[in-house]
Amino acid sequence: MNDEIRKIFIDYGFDLSNEQTKQFDNYFETLSQWNKKMNLTAIESSRQVYLKHFLDSLMLGRVFDMKSIKLLDVGSGAGFPGIPLKILYPSIELTIVDALKKRITFLEHLCGVLNLDVHLIHGRIEEHAYKAHYDIVTGRAVSSLNILLELCVPFVKKDGYFVAYKSSKYAIEVEDASHAVHTLGVEYRSHFDYEIDHDFRTLLIFNKPLDTPNKYPRRFKKIKSQPL
Ligand code: SAM
């Protein structure tokens, strides 16, 4: 991580230790190597990976106290946002569920390199057993908001939060998701808008005051053919 990037992280409120800086550098190296043989990220320049993946992932830490929480990251792909958050907040109990075996294989290797203790699960989130279990559930670049809500909210414990990482064009998606919000027992609380390197992004924050009816999430075929 060069001095310019390190300073940008500090400007956003993330003052990394030397150990964490080294972990992000090893993350970038491992990602670049594996990206040559499998499709993990379209972004390749180091500046873009550090800012548009690593720093963007960390923004959840601007909204929540991240100490010792149970976090589930759905469809993490190459590890976003879960792995950067685990590097910055090692006391998080992190679970990642991803449907693609090769992405989980990459993450297993990565967690070995970075010496991170993460529950990595290969499978579809609809089949995950731990409903109403996590303090915060995240989803980034996985699907449209109404579908993402059904995939994620059932796993949020009562009074916990679901957070969607989205681009700035979220207003219509939020409107289209009002039925899903109502059905799944969550409330749309707020959005946290930010800009990274001329890219306008937001965190959509939902809290869960009610239980989600047990029939959710449905099978993916049903979720897609009859979205909430
Ligand atoms: N979150 C990462 C990011 O921001 O770069 C990865 C995004 S990638 C475009 C979407 C990932 O979601 C893929 O790795 C895919 O396998 C996973 N995914 C999609 N639907 C899923 C489901 N129902 N259960 C588990 N993983 C899913």
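The values are calculated or read from the model by the stated rules, or taken from the named source; none is laboratory data. Since this is a predicted model, take the numbers as computed values, not measurements. We place every Cβ from the backbone using ideal geometry, glycine too, and count neighbours over all the protein chains shown. Each accessible area value is taken on the protein alone, full model and side chains, heavy atoms only, with ligands, DNA and RNA left out. Shrake-Rupley method; radii C 1.70, N 1.55, O 1.52, S 1.80 Å.
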Practice item. Quick one: pull the percent of accessible area on the chain belonging to carbon and sulfur, 1.4 Å probe, ligands and nucleic acids left out. Key: 48 percent
Exercise for review: Under 19 Å from a label point 7 Å along Cα→Cβ of residue 26: give me every residue in segment 36-72 with its amide N that close.
Suggested key: 50, 54-55
**Study point:** Summed residue charge, Cβ within 12 Å of residue 219's Cβ, Lys/Arg positive, Asp/Glu negative
**Key:** +3
Check your understanding: Using the Cα gyration tensor of the chain, with a ≥ b ≥ c the square roots of its eigenvalues, what is the shape: rounded (a/c below 1.5), prolate (a/b larger than b/c) or oblate (neither)?
Key -> prolate
Point to revise | Rounded accessible area of residue 19 (nearest 10 Å², 1.4 Å probe) | key: 110 Å²
Practice item. Pull up the DSSP beta bridges for the chain and report the antiparallel fraction as a percent, rounded to 5. Key: 45 percent
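For the chain, what does the accessible surface come to per residue with a 1.4 Å probe? Please give it in Å².
Averaged over the residues of the chain, the accessible area is 48 Å².
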**Study point:** the chain, relative contact order [Cα under 8 Å, separation at least 6], %
**Key:** 15 percent
Check your understanding: What distance in nm separates the simple spin-label points at residue 129 and residue 10, each placed 7 Å from Cα in the Cβ direction?
Key -> 4.7 nm
Exercise for review: Would you check the accessible area of residue 152, probe 1.4 Å, heavy atoms only, in square angstrom rounded to 10?
Suggested key: 0 Å²
Practice item. For segment 1-116, calculate the relative contact order in percent as a whole number, restricting contacts to Cα pairs under 8 Å that are 6 or more residues apart. Key: 25 percent
Review point. Taking square-rooted eigenvalues a ≥ b ≥ c of the alpha carbon gyration tensor, is segment 1-103 rounded, prolate or oblate, where a/c under 1.5 means rounded and, failing that, a/b exceeding b/c means prolate?
Key: oblate
Exercise for review: Can you grab the distance from the C-alpha centre of segment 25-72 to the C-alpha centre of segment 4-20, Å, no decimals?
Suggested key: 14 Å
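Can you tell me how much longer the chain between residue 101 and residue 210 gets when fully stretched, taken as 0.36 nm per residue apart minus their C-alpha distance, in nm with one decimal? Walk me through the intermediate numbers first.
On the way: separation 109, 0.36 × 109 = 39.24 nm, distance 3.35 nm.
Here the segment from residue 101 to residue 210 would lengthen by 35.9 nm.
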**Study point:** Principal axes of segment 158-205: Cα extent on each, largest first, Å
**Key:** 36, 22, 11
Check your understanding: Counting Lys +1, Arg +1, Asp -1, Glu -1, what net charge surrounds residue 91 among other residues with beta carbon under 14 Å of its beta carbon?
Key -> -1
Review point. For labels at residue 187 and residue 68 in the simple 7 Å Cα→Cβ model, what's the distance in nm?
Key: 2.7 nm
